[in-house]
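In what follows, a single structure is set out as structure tokens and then discussed.
The values are calculated or read from the model by the stated rules, or taken from the named source; none is laboratory data. All values derive from a computational prediction rather than experimental measurement. Backbone-built Cβ (ideal geometry, glycine too); neighbour counts: all protein chains shown. When the accessible area is computed, the model is the full protein with side chains, heavy atoms only, and any ligands, DNA or RNA have been set aside. Shrake-Rupley method; radii C 1.70, N 1.55, O 1.52, S 1.80 Å.
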Amino acid sequence: MNRLRVLGAIAAAELVLAAAFFGVHDDAADKSDVAAGAASTTTSSGDGDTTTSALEGATTSTEAPVATTTPPSPLSPATTRRATATTGRSGATTPPGPADRVVLQRMATLSQPIAFAARPGEDTVMYVGEKGGRVRSLTINGDGSGATLNPTVVLDITTKVSKGGEQGLLGIAFAPSGTQLYVNYTDTAGDTRIAEYPFANGQANAGAERIVLTVDQPYANHNGGHVTFGPDGLLYIALGDGGSAGDPEGYGQRLDTLLGKILRIDPRVAGSQPYTVPADNPFVGRSGVRPEIWHYGLRNPWRFSFDRSTGEQWIADVGQGAWEEVNHIAAARSGVNFGWNRREGAHSYTGGSAPPGAVDPEYELSHGAGNCSITGGFVYRGGVIRGLDGTYVFADFCRGRLVGASGGAIRELDASIESPSSFGEDANGELWVSSLAGGVFRLSRVRAA
């Protein structure tokens, strides 16, 4: 059962300040969102979509398939503040209280941090991707006082990435073995590349880059960018609908393109193929359909994650001009259509009807409440913050307030951050959040009485 919840009003002054940094105008802010940054240029496409880059990518060309193998604002009346039971790592249902107050502990200051990754086997190190093309590492201090920035740069591909508002280095992930680092970036032509780098002794070998997948991008925005390994050890990749506004080519609903999708592949080389498609992907064997597709009907998924306890998938999808959405999918469920561009959230978009079998979001957030561009997070499974276990934590780029969703209810947490660009989960299940303005933080707590 879908449980739609709408966040309440925001103070006008807060929105004005967010807009000044974010470059937002009109009513359809985007994660131009993501990557906007204070120095980017704001332009409007003239059709209600706002971006911070006038650049447009290369013309779309055919993508070759590969082999298939085996201060808190008040919540609106529609949003309840009730305490909800959460499921802990043991599987037992426990009440959330007494709940600790969530605070943010500054761990570092970097240049436009935009992605996180934890490397298997390194419990005290967090890796952070910078939009401009570098990956840095932070060693968590043993006394819990913060983290130390390691002076050696993990990876530098600054000469390879494009610099537009929603472009650059957008996602990083380590293979389960920890011996490869995968990066999702837009190249100097504006097209998406998924690249693999050998990793050893704290560094990725930039000179040994192997391109796993390239996707032509017709416009400079809506690149998605997230990349992570799922509980099944396979690589999941988020791609936006190709950009412009309103998905003019209908890529979200088309199954002959990778745009507007979440993909699932095995990135390892197989003979002459740069990757393989798992045999149990939902569209394997269908003529004219890209077998890499895992889910579709997405506009610009900006961060998705897997609950480390249940394997359930959470997907945050940036809205067009009215609704931000959070989608919650059962473990291993595939082939889900989230409805874009015929639906925005749980609502008709430009008069379109819901596609057959389309799934509405678990939660939606109204732009009328001051939201503009969702930043997806994780279900908290750490051991530090009482009352947060089992809660999906996320934020909105303009509002900056961290939000928790659990049991059908949304509650605002006490912590806020300027321009939240991404969330991360470390080896211990503790959550991190970055600000595009430079701050890197770990969620902590003030202990409840």
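From the Cα gyration tensor of the stretch 149-278, with a ≥ b ≥ c the square roots of its eigenvalues, which class applies: rounded if a/c is under 1.5, or else prolate if a/b is larger than b/c, or else oblate?
Working: a/c = 2.09, a/b = 1.35, b/c = 1.55.
Oblate, because a/c is 1.5 or more while a/b does not exceed b/c.
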Roughly how many Å is it from the Cα centre of the stretch 253-317 to that of the stretch 326-364, as a whole number?
-> 16
Pick out, from A405, G345, T310, the residue whose Cα sits farthest towards the positive end of the charge dipole of the stretch 276-431, with +1 on the Cβ of Lys and Arg and -1 on the Cβ of Asp and Glu.
-> G345
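I need the peptides 222-231, 306-315 ranked by packing, meaning the mean over residues of other C-beta atoms within 10 angstrom, with the highest value on top.
On the way: 222-231: 25.7, 306-315: 19.2.
Ranking, from highest mean packing down: 222-231, 306-315.
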Which ³J(HN,Hα) values in Hz, rounded to whole numbers, follow from the phi angles of the stretch 254-265 under the Karplus curve 6.51 cos²θ - 1.76 cosθ + 1.60, where θ = phi - 60° and Gly and Pro get x?
-> 7, 9, 9, 9, 8, 6, x, 9, 10, 9, 9, 9
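Between T148 and T109, what length in nm is gained on full extension when 0.36 nm per residue of separation is reduced by their alpha carbon distance? Can you show the working numbers first?
Working: separation 39, 0.36 × 39 = 14.04 nm, distance 1.05 nm.
Fully extending the segment from T148 to T109 adds 13.0 nm.
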For F394, what accessible area in Å² do you get when you roll a 1.4 Å probe over the heavy atoms of the protein chains, rounding to the nearest 10?
-> 0
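Decide, for the stretch 289-418, between rounded, prolate and oblate: order the square roots of the alpha carbon gyration tensor eigenvalues as a ≥ b ≥ c, take rounded if a/c falls under 1.5, and otherwise choose prolate if a/b is larger than b/c, else oblate. Don't skip to the end; give the middle numbers.
Details: a/c = 2.18, a/b = 1.28, b/c = 1.70.
It comes out oblate by the Cα gyration axes.
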J(HN,Hα) series, the stretch 291-304, from Karplus relation 6.51 cos²θ - 1.76 cosθ + 1.60, nearest Hz, glycine and proline x | x, 5, 5, 9, 9, 8, x, 10, 8, 7, x, 10, 5, 9
